[in-house]
1. Which residue out of 295, 378 is of a type outside the set (Val, Ile, Thr) and touching a helix residue (DSSP H, G or I) at 6+ places or on another chain (Cβ under 9 Å)?
2. Can you pull out the residues in segment 359-379 that are touching an Asp or Glu at 6+ places or on another chain (Cβ under 6 Å), in contact (Cβ under 8 Å) with a residue 60 or more places away in the chain and surrounded by fewer than 21 Cβ atoms within 10 Å (Cβ to Cβ)?
3. Considering every residue within segment 166-176, establish whether at least one is surrounded by 15 or more Cβ atoms within 10 Å (Cβ to Cβ), among the charged types (D, E, K, R) and part of a loop (DSSP other than H, G, I, E, B).
4. For residues in segment 302-318 being modelled with pLDDT of 95 or more and of a type outside the set (A, V, I, L, M, F, W, C), which is nearest to residue 174 (Cα to Cα)?
5. Right, residue 154: assigned by TED's automatic domain parsing to the domain that holds residue 376 and in a strand (DSSP E or B) or not?
6. How many of the residues making up segment 355-406 are basic (Lys, Arg) and more than 21 Å from residue 152 (Cβ to Cβ)?
7. Tell me, yes or no, whether segment 201-215 has at least one residue that is crowded, with 19+ Cβ neighbours inside 10 Å and in contact (Cβ under 8 Å) with a residue 60 or more places away in the chain.
8. Out of 133, 159, I need the residue that is at positive phi, out of contact with any strand residue (DSSP E or B) (no Cβ under 7 Å at 6 or more places or on another chain) and of a type in the set (Gly, Ala, Ser). Which one?
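The values are calculated or read from the model by the stated rules, or taken from the named source; none is laboratory data. Quick caveat, the model's predicted, so the values are computed rather than measured. Cβ placement follows ideal geometry from the backbone for every residue including glycine, while neighbour counts extend to all protein chains displayed.
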Amino acid sequence: MKTRLRLLVTLLVTATIVACSGDPQPGSPAAAVEAAADEAQERGPNNGILLRDGDFVVELAIFETGVPPEYRAWATSGGRSLQPEDFDLEVRLTRLGNRIDEIGFRPQGAYLLGDTVIYEPHSFTVSIDATYGSGSHRWEYDSFEGRTQISTEMAEAFGIETMLAGPVTLEETVTVYGNIVPNTERIRQVSARFDGAIRTVDVFLGEVVTEGQTLATVESNESLNVYSITAPIDGVLTERVAHAGEQTGGRPLFTIIDTSSVWVKLAVFPGDRARVRLGANVSIAPATGGAAVMGTISYINVMTDANQAVAARVELDNTDGAWPPGTYVTAEIQVGEYEVPLAVRRSGLQSFRDFTVVYAQIGDEYEVRMLDLGRQAGDWAEVLGGLDPGTRYVTENSYVLKADIEKTGAVHDH
């Protein structure tokens with residue numbers, strides 16, 4: 001395309017405090033919000049965000065060293081540290097999609113401890129209500145991570161595709177390799193019925209012949225009658241050792257192979273042998289690349305080859321000649337099938353910090369969801385945690401979102 005599309009998104013990563021309209025009066029909740037906006041980057045001695053309202057200051061931090069992420073809070077008044085019993089605190093986290101977590105606090109040693117685990121992602125609008133003595137205080141700020149915004153038109157332009165997360169049937173496979181060989185049940189070696197002198201040879205090597213077609217004529221040594229040798233099947237003449245004037249000598253004169261059906265000979269190594277069964281579904285593709293076809297295991301040898309692999313066989317229809325004998329192939333043999341209540345497409349998986357994530361979509365906003373993954377098979381990965389069933393998530397071109405979030409410098413900031 002001559003016109004280069006540019007993704008225009010806005011991601012608030014560092015804590016951006018919500019501004020209030022008008023000219024707030026000192027000491028009012030609106031003044032506290034505005035003051036928090038001015039002090040959004042100020043950190044306290046516990047590396048928490050300092051929230052000021054006059055001479056009353058709360059330090060709020062997410063602590064996650066050796067414990068699940070939890071809120072801890074400290075407070076001072078007039079520069080004097082307060083005991084955790086001296087003030088009360090409530091926090092409300094408004095997540096993407098207007099999902100709200102209410103957090104209460106109780107004294108724990110020298111600080112107030114939140115009563116709720118702060119699950120990932122730590123991306124939300126934080127609303128804080130505190131009381132100390134007869135005064136009440138309120139702050140609100142945004143603390144977003146792994147979030148970006150893109151219009152429907154831009155998403156379509158970038159080829160971003162989505163689907164709903166839900167139950168899936170996982171098909172577990174093992175990868176094996178092999179090659180196309182002739183179907184030995186479609187090979188015929190043709191000899192003379194009666195020995196004699198070959199009078200004519202009517203076909204050439206590589207010729208496609210049909211059943212009943214004359215291949216050669218022979219004069220019988222006993223009766224001196226001339227009779228025809230005909231093709232017993234349709235196929236390709238792959239060997240011809242007959243020449244006019246020679247004696248037939250009781251040997252095979254022609255070999256014909258019907259290539260409309262071929263075998264796929266697959267090498268199954270010992271580690272996978274016990275899992276491969278007769279009748280198992282197999283996806284087969286040329287080793288050099290190309291469309292895959294489906295087949296089933298019709299035979300498994302009871303003996304190993306020199307490389308300790310066991311040969312398994314799949315019969316393929318080759319009417320169109322797409323699988324010439326000798327072609328190397330890669331195959332996926334299905335060895336298991338099971339239902340899982342929640343799975344996502346592996347094409348949508350990305351890395352974010354130390355997590356594997358997908359990007360959930362709500363309206364025109366996208367945000368990471370940290371996943372606890374289980375079994376993976378084919379196009380799917382089982383999800384054990386981190387994503388709600390029915391969530392719409394990005395399945396294709398999620399790297400566009402990842403690149404934009406990384407470009408804007410998303411950080412794990414509290």
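1. 378
2. Of everything in segment 359-379, those that are touching an Asp or Glu at 6+ places or on another chain (Cβ under 6 Å), in contact (Cβ under 8 Å) with a residue 60 or more places away in the chain and surrounded by fewer than 21 Cβ atoms within 10 Å (Cβ to Cβ) turn out to be 370, 375, 378.
3. No - not one qualifying residue is present in segment 166-176.
4. Across segment 302-318, the extreme among qualifying residues is 313.
5. Here the answer is no, as residue 154 does not meet what is asked.
6. Looking only at that region, the number is 1.
7. Looking through segment 201-215, none of the residues is crowded, with 19+ Cβ neighbours inside 10 Å and in contact (Cβ under 8 Å) with a residue 60 or more places away in the chain.
8. Exactly one of 133, 159 is at positive phi, out of contact with any strand residue (DSSP E or B) (no Cβ under 7 Å at 6 or more places or on another chain) and of a type in the set (Gly, Ala, Ser), namely 133.
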